[in-house]
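First comes the structure, then the notes that go with it.
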Amino acid sequence: MQQLTLTLPFRLPRHQLPAFRSAIIELTQRAEALFHNHPTDTAPHGSWDYPLIRYTLIRGHAAVTGIGTGAELLTSCLLPQLLKNSSLTIRGINYATTGFRLSNRSFQLELSDEPFPLGVHRWVALNKENYQKWKGLDGQEAARKELLGNALTGHLRVIANQLTPEYASSDITANILRVDQVKKIRWQKADLIGFTVIAESRLRLPDGMGVGRLVAYGYGETMSPRIYKSALGIRKSKNCSPIMEKRS
């Protein structure tokens with residue numbers, strides 16, 4: 001399966017990603033539904049289908065990532081338009097697109113015999129009901145980890161069902177090993193919570209995918225232990241979990 005990432009030469013604040021998405025949709029002349037159906041206008045916080053085209057930031061620069069069919073559409077629909085146009089209009093402002101970068105790699109989702117560590121950054125894990133449960137478990141770390149583990153299990157099963165339906169969903173589970181950050185997220189007038197965690201699962205995901213809600217906008221980015229430690233500035237000798245040390 002292909003994962004193609006197109007990084008544009010301009011920076012955007014994260015709250016402008018919906019406008020960036022709209023600009024890309026217009027640039028591709030609304031030719032393909034995958035550019036705009038995750039999340040939909042009626043479900044602004046995402047759906048339970050895994051988006052094959054995602055809008056995100058890479059070191060602050062606006063980027064679009066496609067997986068599988070999404071990668072093919074970036075090549076056939078978006079790239080020709082970027083080559084014809086030297087700018088992209090976002091909320092009335094023209095941003096130069098000349099000098100964009102393209103990276104392409106192949107990956108395969110695997111269900112390993114043993115669980116392996118997985119970093120997840122700014123993961124919007126909980127729906128409204130589970131968020132209330134999480135708040136009610138104040139001071140109960142083990143119970144909160146179990147709640148988050150159940151949420152991550154569900155999110156990973158969504159990915160597997162769409163990308164690798166040959167895997168039985170019941171074989172995919174996840175455990176939360178450590179919660180490093182819990183931050184409030186203000187998104188389109190809604191208050192959400194983002195978790196940055198180390199988890200483990202038998203489903204092996206590549207770097208740069210996403211899990212959870214708002215995944216189409218770059219939240220819940222998956223990272224290898226090495227990249228996770230670098231992104232969070234974690235010092236190996238002091239803060240890294242034993243499981244991460246052993247398997248990174």
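Do we have Ala96 as touching a helix residue (DSSP H, G or I) at 6+ places or on another chain (Cβ under 9 Å) and within 27 Å of Gly66 (Cα to Cα) here? Step through it out loud before you land on a result.
Working: touching a helix residue (DSSP H, G or I) at 6+ places or on another chain (Cβ under 9 Å): no; within 27 Å of Gly66 (Cα to Cα): yes.
Against the criterion (touching a helix residue (DSSP H, G or I) at 6+ places or on another chain (Cβ under 9 Å) and within 27 Å of Gly66 (Cα to Cα)), Ala96 does not qualify.
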Test: residue in the stretch 113-132 that is among the basic types (Lys, Arg) and over 17 Å from the mean Cα position of the chain (by Cα): yes
Restricting the stretch 1-42 to residues that are under 19 Å from Tyr219 (Cβ atoms) and among the β-branched types (Val, Ile, Thr), which is modelled with the lowest pLDDT? Thr40
Please give the number of the condition Gly66 fails out of (1) out of contact with any Asp or Glu (no Cβ under 8 Å at 6 or more places or on another chain); (2) in a strand (DSSP E or B). (1)
Quick check: anything in the stretch 101-113 out of contact with any Phe, Trp or Tyr (no Cβ under 9 Å at 6 or more places or on another chain), aromatic (Phe, Trp, Tyr) and closer than 16 Å to Val182 by Cα? no
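Conditions tested, residue by residue: (1) within 23 Å of Met209 (Cα to Cα); (2) touching a His at 6+ places or on another chain (Cβ under 9 Å); (3) modelled with pLDDT of 95 or more; (4) among the β-branched types (Val, Ile, Thr).
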{"position": "Ser106", "(1), (2), (3), (4)": "yes, no, no, no"}
{"position": "Leu147", "(1), (2), (3), (4)": "yes, no, yes, no"}
{"position": "Ile159", "(1), (2), (3), (4)": "yes, no, no, yes"}
{"position": "Asn175", "(1), (2), (3), (4)": "yes, no, yes, no"}
I'd like to verify a number: residues in the stretch 193-227 that are crowded, with 22+ Cβ neighbours inside 10 Å and more than 20 Å from Thr153 (Cα to Cα), how many? 1
Among strands (runs of 3 or more DSSP E) entirely inside the stretch 89-174, those with 1 or more residues being surrounded by 18 or more Cβ atoms within 10 Å (Cβ to Cβ) and touching a Lys or Arg at 6+ places or on another chain (Cβ under 6 Å) are 110-123
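The values are calculated or read from the model by the stated rules, or taken from the named source; none is laboratory data. It should be emphasised that the depicted structure is a prediction, and the values quoted were computed from it without experimental measurement. FYI the Cβ positions are ideal-geometry reconstructions off the backbone, even for glycines, and counts take in every protein chain you see.
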